[in-house]
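Heads up, the thing below is written out as structure tokens.
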Amino acid sequence: MPKVNIVKKSTDTDMTPFVDVAFLILSFFIMATKFKPAEAVPITTPNSVSSQKLPENDAVLISIDKDDKVYFSIMAKNDPQIAVDIIKGAAQARNIPVSDAQAKNYFPGDMIGVPFNKLGAFLAMSNDDKKKYVQEGIPVKDSANNELYYWIAATRTAFAGKPLKYLIKGDNVSKFPAFQAVIEALKKNDEQKYNLVTMPEGAPEGSELWRERNQ
């Protein structure tokens, strides 16, 4: 019986198509991913073991920086019209003219830290100009003219009948009077509940939260 010679084929695989596919996938993710922009005002918060994430909707964020400047952010990415209603409602309460175009130029989550008499001009700026502009903070120190009160009042009206969270984010070195002024603005609007924003850290080993996370 004649011997059959089996033709040996090379086991080498051409990886070129795989490399092309990998670069295509990488390019897709780079172009499709929306990276979180850097904060206009850096704020270093105290640490805590809280595991709750910062909401992006149905909330307002009141920030206090290291210089005790107060800023107001509207977290309403799912419904930008609420941000427009809050801005126009707050400005109207102070008899400040703000157009629809100016109000719609606000991107939910951005910080507003100017007095009402400069609000229209600030909103009319381009995003690049807003980043360069040094905001002086919302006036809150004078209890008789605490402008944060009007922002919170307009928020209550815009969110009437809807769930809403108040978040306070204070810098490690911010002073108590600024924090107290923020709380007073909430109290004047009959808002007694709020959440403090902190920097999350690991739960102490052996604690109930540690055991829950490691189950």
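Laboratory data are not the source of any read-out in this text; all were calculated from the coordinates shown. None of these values were measured; they are calculated from a predicted model. Heads up, the Cβs are rebuilt from the backbone with ideal geometry, glycines too, and the neighbour counts pull from every protein chain shown.
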Would you say Asn189 is crowded, with 16+ Cβ neighbours inside 10 Å and over 22 Å from Lys77 (Cβ atoms)?
-> yes
Filtered residues of the stretch 75-110 (kept if under 26 Å from Phe176 (Cβ atoms) and touching an Asp or Glu at 6+ places or on another chain (Cβ under 8 Å)) = Met75
Set Lys132, Lys169, Lys188: member being touching a residue at least 60 places away in the same chain (Cβ under 8 Å) and basic (Lys, Arg) = Lys169
Selected residue (criterion: surrounded by the fewest Cβ atoms within 10 Å (Cβ to Cβ)) from residues of the stretch 127-140 that are closer than 24 Å to Pro55 by Cβ and under 20 Å from the mean Cα position of the chain (by Cα) | Asn127
Just one listed residue, out of Ala153, Ala124, is surrounded by fewer than 16 Cβ atoms within 10 Å (Cβ to Cβ) and within 21 Å of the chain's Cα centre (by Cα), and it is Ala124
Considering residues that are surrounded by fewer than 20 Cβ atoms within 10 Å (Cβ to Cβ) and either under 20 Å from Ala124 (Cβ atoms) or touching a Gly at 6+ places or on another chain (Cβ under 9 Å) (or both), the number found within the stretch 62-87 is 6
